[in-house]
Each structure stands twice: as structure tokens, then as C-alpha cells.
């Protein structure tokens, strides 16, 4: 580090900071107040914000996930080669190590995914949960560990056992039922009699006595049910 560039923030021009800079012979430079365009890094921050807005608009990302999206955009920019860096990646210039782009090729932002859930009971619950891909877990697990936001949840999970929910050959029909599929099943005729509204919702007609409920009489005509020919 040869120069510390800042925007006159007090936390970056304090006496403690200046003493550290003097100890390590590091120069400092501040932009003029209210002239952010003088700082080159402000342009990169603006680009990151614009890409984040576009990504959220194109994928329908909820507003409360803006920080996750911004972190993912910065992760992508740090792992993509830049012409200004002689077609090297920022991470390579900072660490002199070739970065692995394999995790970037698996999923796209806010893609529906299935992930493995621990502790599910057999066979009542599916061993998989459904959520959305929200980034790569750089500091958890191996290189192919990802961040997942469960449907209806607010806490981000880190999972390595994960696959796309958009693959038609790997659908979990318990989590994503086909349109029109009956999800409630009648186990016996007694269940149908106890809850006839459930049958009406599922489109199941349980006729136990006859084809027509009005035919449930002792004769062809209810008026014929007499004790003799002439009352």
C-alpha cells in the first residue's frame, strides 16, 4: 500500500491514522469536500450500485435483499478480468493468486434452488427445502458452498448440497406441486362423510349409497312408501 485515498472522513484523517501512515511511510490524499468525482473509487461504487439495481429489477428481488445482491455483484466484479488491470482480476492483483471461477458458473442470482435439510422426519417431510440462491459462501466450507435464502425465511443458510429448482428433470413435487395436482387425499369413505367440504375443494365426489343421492329411497317414488294399496 503506497497511498491512502479518502474523502476527508474523520475516521480516515484522525491523529491515530496519521501516526500509522507515518510509521509505514504511506502517503495520504483526500478529495475536496462535496466533490466525490475527484475520487476514482466513487465511480466503481456507482457502477456497483447500478448493476445491483438492474439485477434486482430483472430478477424481482425483494427490496430487503439489496445488501445480499450488492455483495454478490462485488464478488463477481472482483473475480472478473478488467482491461485497466491488463486483463487480470482484482483478486489476482491484490493476492497474486489465481482465483477459481467455478462457483460463479453454477447458479444465477435469485435462482430457485433445492437444498438439503438436516433432521427431517421420514416420510412426513421432504429431505429438501426450497429457497433462492443469494451468493457464494467465501468463508464457509469448500469452494462450492453457497448462500441460500429459504422461502419465507429471513436467515441466510450456507449449503453445499444444492441443485437448481428450474431443472424439469429434478423437480421436487412435494415442494413444487404441478398445477391442478390434488395435494389432499381421502383415506376412507368415513373421512369423506366427516368432511364433505374437503371433497368439494379437491373435486372428488364420494357417492357411497348410489349414483344419485335423491335415489336413496325404498321405492321408485317416495309417495309409494305406504302400507297398502289404499291409505
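The values are calculated or read from the model by the stated rules, or taken from the named source; none is laboratory data. Everything quoted here is computed from the prediction, not taken from an experiment. Glycine gets a Cβ as well: all are built from the backbone with ideal geometry, and neighbour counts include every protein chain shown.
Looking at (1) at pLDDT below 85; (2) not in a helix (DSSP H, G or I), which one does residue 28 not meet, given that it meets all the others? Among (1) at pLDDT below 85; (2) not in a helix (DSSP H, G or I), residue 28 violates only (1).
Residues of segment 107-145 that are within 19 Å of residue 52 (Cβ to Cβ), crowded, with 16+ Cβ neighbours inside 10 Å and in contact (Cβ under 8 Å) with a residue 40 or more places away in the chain: 107, 109, 110, 134, 135, 136. Of all the numbered requirements in (1) in contact with a helix residue (DSSP H, G or I) (Cβ under 8 Å, 6 or more places away or on another chain); (2) at pLDDT 95 or above, residue 91 misses one, and that requirement is (2).
If I filter segment 64-79 for residues that are modelled with pLDDT of 95 or more, part of a helix (DSSP H, G or I) and closer than 27 Å to residue 177 by Cα, do I get at least one hit? Yes, that holds for at least one residue. For segment 64-77, filtered to residues that are without any contact (Cβ under 8 Å) to a residue 40 or more places away in the chain and surrounded by 14 or more Cβ atoms within 10 Å (Cβ to Cβ), the residue that is nearest to residue 151 (Cα to Cα) is 66. Looking only at segment 156-175, decide whether some residue is within 23 Å of residue 67 (Cα to Cα), assigned to a loop (DSSP other than H, G, I, E, B), under 19 Å from the mean Cα position of the chain (by Cα) and modelled with pLDDT of 85 or more. Yes - at least one qualifying residue is present in segment 156-175. Can you find, within segment 48-63, the residue that is surrounded by the most Cβ atoms within 10 Å (Cβ to Cβ) among those that are in contact with a helix residue (DSSP H, G or I) (Cβ under 8 Å, 6 or more places away or on another chain) and more than 20 Å from residue 151 (Cβ to Cβ)? Looking at residues that are in contact with a helix residue (DSSP H, G or I) (Cβ under 8 Å, 6 or more places away or on another chain) and more than 20 Å from residue 151 (Cβ to Cβ), I get 52. In segment 2-21, is there at least one residue being more than 30 Å from residue 154 (Cα to Cα), touching a helix residue (DSSP H, G or I) at 6+ places or on another chain (Cβ under 7 Å) and surrounded by fewer than 14 Cβ atoms within 10 Å (Cβ to Cβ)? Scanning segment 2-21 turns up no residue that is more than 30 Å from residue 154 (Cα to Cα), touching a helix residue (DSSP H, G or I) at 6+ places or on another chain (Cβ under 7 Å) and surrounded by fewer than 14 Cβ atoms within 10 Å (Cβ to Cβ).
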